[in-house]
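To start, the structure under review is shown below, and the notes come after it.
The values are calculated or read from the model by the stated rules, or taken from the named source; none is laboratory data. Please read all numbers here as calculations on a predicted model, not as lab measurements. Heads up, the Cβs are rebuilt from the backbone with ideal geometry, glycines too, and the neighbour counts pull from every protein chain shown. Side chains included, ligands, DNA and RNA excluded: accessible areas come from the protein's heavy atoms. Shrake-Rupley method; radii C 1.70, N 1.55, O 1.52, S 1.80 Å.
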Amino acid sequence: MLKQLRALFSRHPNTTIIWAHVGLGRIVQPVKDQLAMLERALSNPEMKHVYIDISWDEVAKYVVQSTETVAMTAAVINKYPDRFLFGTDVVAPSGPEAQKKVYDAYTPLWKALTRETSEKVRLGNYARLFDAARVKVRAWEKANENLPRLQPAPTPASGIGKGH
């Protein structure tokens, strides 16, 4: 799957991509050398548009499982401080305390990062990327506001087509 993902990222060099959950899913555990794979992507100049999201309590569980995993993760993040973002993903949160719990779960990591890196990961990178995106979206809307709206062709998934 890594080859396909790299190909996808390469096809869209002008798109800001935020790779959610460091590529992990609810039933997907980190693969052997996960951090080395991340570092290869982060060090590749062709992937400078790819950012890594470390949100989610499941990811936190793997990052803080030992002092070694915290140190290894902090080393990569400290090396690429502009490329990581934190979010508070939780499956079916019952309230804001669930998001705070995710933040708190990362406490060992926050302590292992440099002060500047920690600020960028927790706040600065998000603000920088999303503020820039907002400007780009408004410019696109303005440039395209008077263009005719084209109706896409029906597809089987749209429920419109043969037999209707």
Among A132, A143, A71, determine the one that fluctuates most according to a GNM of the chain built with springs between C-alpha atoms less than 10 Å apart.
A143
Positive-end residue, segment 79-142 charge dipole about Cα centroid, Cβ charges, pick of G95, V121, A139:
A139
Select one label from (i) 39, 30, 29; (ii) 59, 37, 36; (iii) 45, 36, 29: the one whose number is Cα extents along the principal axes in Å as derived from the coordinates shown.
(ii)
Tell me the GluC sites (Glu not before Pro) within segment 65-164 that lie in a loop according to DSSP and have at most 11 other beta-carbon atoms within 10 Å.
E145
Here the membrane-span-like helices of the chain, with no claim about any membrane, defined by DSSP H, Cα axial extent at least 15 Å and mean Kyte-Doolittle at least 0.5, are 67-79
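Among the trypsin sites (Lys or Arg not before Pro) in segment 48-130, which ones are in a DSSP loop with at most 15 other Cβ atoms within 10 Å of the Cβ? Mind listing them?
Sparse-neighbourhood loop trypsin sites (Lys or Arg not before Pro): K48.
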Within segment 1-143, count lysine pairs with alpha carbon atoms under 27 angstrom apart where the residues are 8 or more positions apart or belong to different chains.
27
Can you find, among M72, W56, I17, the residue farthest towards the positive end of the dipole of the chain? Put +1 on the C-beta of Lys and Arg, -1 on that of Asp and Glu.
I17
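Need the full-extension length gain, R138 to T88, defined as separation in residues times 0.36 nm minus the C-alpha distance. One decimal, nm. List each step's numbers first, then the result.
On the way: separation 50, 0.36 × 50 = 18.00 nm, distance 2.66 nm.
15.3 nm is the gain from fully extending R138 to T88.
For segment 57-113, what is the charge dipole size about the Cα centre, in debye to the nearest 20, if Lys and Arg each add +1 at the Cβ and Asp and Glu each add -1 at the Cβ?
For segment 57-113, the charge dipole is close to 160 debye.
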Ignoring everything except DSSP H segments at least 4 long, calculate the 222 nm mean residue ellipticity for the chain; use -39,500 (n - 2.57) per segment, divide by total residues, nearest 500.
-14500 deg cm²/dmol
Computed accessible area, Y62, all protein chains, 1.4 angstrom probe, square angstrom
50
Quantify, in whole percent, the carbon and sulfur part of the accessible surface of segment 1-149 (1.4 Å probe; protein heavy atoms only).
59
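Rounding to the nearest 20 debye, state how big the charge dipole of the chain is about its Cα centre with +1 on each Lys and Arg Cβ and -1 on each Asp and Glu Cβ.
440
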Keeping all protein chains in place, calculate the accessible area per residue for segment 98-142 (probe 1.4 angstrom), answer in Å².
70
